[in-house]
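Read through the structure below, which is laid out as structure tokens, and then see the notes.
The values are calculated or read from the model by the stated rules, or taken from the named source; none is laboratory data. In this text the structure is predicted, and so the values were computed from the model without any measurement. Quick reminder, even Gly has a Cβ in these numbers, built from the backbone with ideal geometry, and neighbours come from all protein chains shown.
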Amino acid sequence: MKIENKRVVQIHYTLKDDQGEILDSSAGKSPLPYIHGVGALIPGLEKHLLGKQAGDKFTAVVAPADGYGEYDEEQVFEVPVSEFEGDDELQLGMQIQLDTESGPAIATIVNMEEDVITLDLNHPLAGTTLNFDVEVVEVRDATKQELDHGHVHTPGVH
């Protein structure tokens, strides 16, 4: 059975950057299950998976525009330390949730000074070319319940 929209797919993957550093992997874990075509994966990886079937192994190179987006300098901004009064546990590299005009967003603390904290709303992998080694483990039709809920149901998990 080939991968197409509304099919449940399970993959093993290793994600590397252009320098070959492993950024994430399912090695030694259960395969990653998802419903194809519902936006569960980055668009570039979904494009590479379309038409593949169980047993296929391949490498997929995903440009930033089809991954986590281009890095946007306008998403980096300074906030007065006074906005964080009472929060003594802030650390460089920490991710915090903010309420923005478009709803909740995750920001990374990229600089801390005495009176100002610099936050970055870009995804940590924005601007990065993603290199995936992928093995398709299973492909099956999604159940009506899975499609209604928008996620895969695995044994013992609803």
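Every condition in (1) of a type in the set (Asp, Glu); (2) in the same structural domain as Gln145 (by TED's automatic domain parsing); (3) more than 29 Å from His149 (Cβ to Cβ) holds for Glu114 except the one numbered (2). Quick check: anything in segment 6-20 under 20 Å from Gly127 (Cβ atoms), in a strand (DSSP E or B) and acidic (Asp, Glu)? No, every residue in segment 6-20 fails to be under 20 Å from Gly127 (Cβ atoms), in a strand (DSSP E or B) and acidic (Asp, Glu). For Lys16, the test of being among the charged types (D, E, K, R) and buried (at least 16 other Cβ atoms within 10 Å of the Cβ) is passed.
Tell me whether segment 123-142 contains one or more residues that are over 25 Å from Lys29 (Cα atoms), out of contact with any His (no Cβ under 7 Å at 6 or more places or on another chain), of a type in the set (A, V, I, L, M, F, W, C) and modelled with pLDDT of 95 or more. Checking segment 123-142: at least one residue is over 25 Å from Lys29 (Cα atoms), out of contact with any His (no Cβ under 7 Å at 6 or more places or on another chain), of a type in the set (A, V, I, L, M, F, W, C) and modelled with pLDDT of 95 or more. Would you point out the residue of segment 22-36, among those that are in contact (Cβ under 8 Å) with a residue 24 or more places away in the chain and either surrounded by fewer than 16 Cβ atoms within 10 Å (Cβ to Cβ) or touching a Ser or Thr at 6+ places or on another chain (Cβ under 7 Å) (or both), that is farthest from Leu98 (Cα to Cα)? Restricting to residues being in contact (Cβ under 8 Å) with a residue 24 or more places away in the chain and either surrounded by fewer than 16 Cβ atoms within 10 Å (Cβ to Cβ) or touching a Ser or Thr at 6+ places or on another chain (Cβ under 7 Å) (or both), the top hit is Pro31.
Filter segment 95-123 for residues that are farther than 17 Å from Asp72 by Cα and assigned to a loop (DSSP other than H, G, I, E, B) and give the result. Those that are farther than 17 Å from Asp72 by Cα and assigned to a loop (DSSP other than H, G, I, E, B): Glu101, Glu113, Glu114, Asp115. Residue under question is Ile106, and the condition is that it be surrounded by fewer than 16 Cβ atoms within 10 Å (Cβ to Cβ) and closer than 26 Å to Tyr68 by Cα; does it hold? Yes; evaluated as a whole, the condition is true for this residue.
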